[in-house]
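Data first, discussion second: the structure below is written as structure tokens.
Here, each number is a calculation from the coordinates, and none is a lab measurement. Treat the numbers as computed from the prediction; the structure is a model and nothing was measured. Glycine also receives a Cβ, built like all others from the backbone with ideal geometry; neighbour counts cover every protein chain displayed.
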């Protein structure tokens with residue numbers, strides 16, 4: 001869960017902490033929010049390697065600490081995302097492209113997903129997202 005929260009923040013603020021601080025201030029976040037909410041979530045990803053499975057055992061206390069942090073991060077990142085949406089709707093914030101082009105590998109994956117969707121639609125008589133009887 002924290003990995004996905006971090007990814008959302010990185011799309012908006014970037015991976016460099018100083019850049020993230022600058023962008024966060026431009027959205028109206030105060031330094032206390034930035035340092036106690038935004039930066040810790042970004043640090044967890046880079047320092048705790050949350051993108052990979054942990055194989056070492058956690059004590060109940062350690063598990064509780066991580067669950068508590070995750071719960072707080074969910075609520076806090078939600079508030080930040082609300083601010084981003086409101087600023088975007090007001091025309092005060094635009095997301096920057098993370099890359100000027102879509103990588104070939106990702107384009108190929110999208111094409112494969114399209115073929116899969118069409119094949120499932122043909123076999124099941126479904127018509128895609130937002131339609132009744134959509135197959136999983």
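If every alpha-carbon in the chain counts as one equal scatterer, what log10 I(q)/I(0) does Debye give at q = 0.15, 0.16, 0.20, 0.21 1/Å?
For the requested q values the scattering log ratios are -0.92, -0.97, -1.10, -1.14.
Compute the long axis of helix 60-89 from its Cα atoms, compare it with the longest principal axis of the Cα atoms of the chain, and write down the angle in degrees, 0 to 90, nearest 10.
Roughly 70 degrees between the two axes.
I'd like the FRET efficiency for residue 124 and residue 8, computed as 1/(1 + (r/R0)^6) with the beta carbon distance as r and R0 of 35 Å, rounded to 0.05. Can you show the working numbers first?
Values: r = 32 Å, r/R0 = 0.92.
Once rounded, the FRET efficiency stands at 0.60.
May I ask you to derive the relative contact order of the chain, considering only C-alpha pairs under 8 Å and at least 6 residues apart, and to give it as an integer percent?
Relative CO of the chain lands at 24 percent.
Given a Förster distance of 25 angstrom, what is the FRET efficiency for residue 94 paired with residue 22, based on the Cβ-Cβ distance and rounded to 0.05?
On the way: r = 15 Å, r/R0 = 0.60.
Efficiency at R0 = 25 Å is approximately 0.95.
Residue separation times 0.36 nm, minus the C-alpha to C-alpha distance between residue 81 and residue 59: what's the value?
Values: separation 22, 0.36 × 22 = 7.92 nm, distance 3.22 nm.
Taking residue 81 through residue 59 to full extension adds about 4.7 nm, to one decimal.
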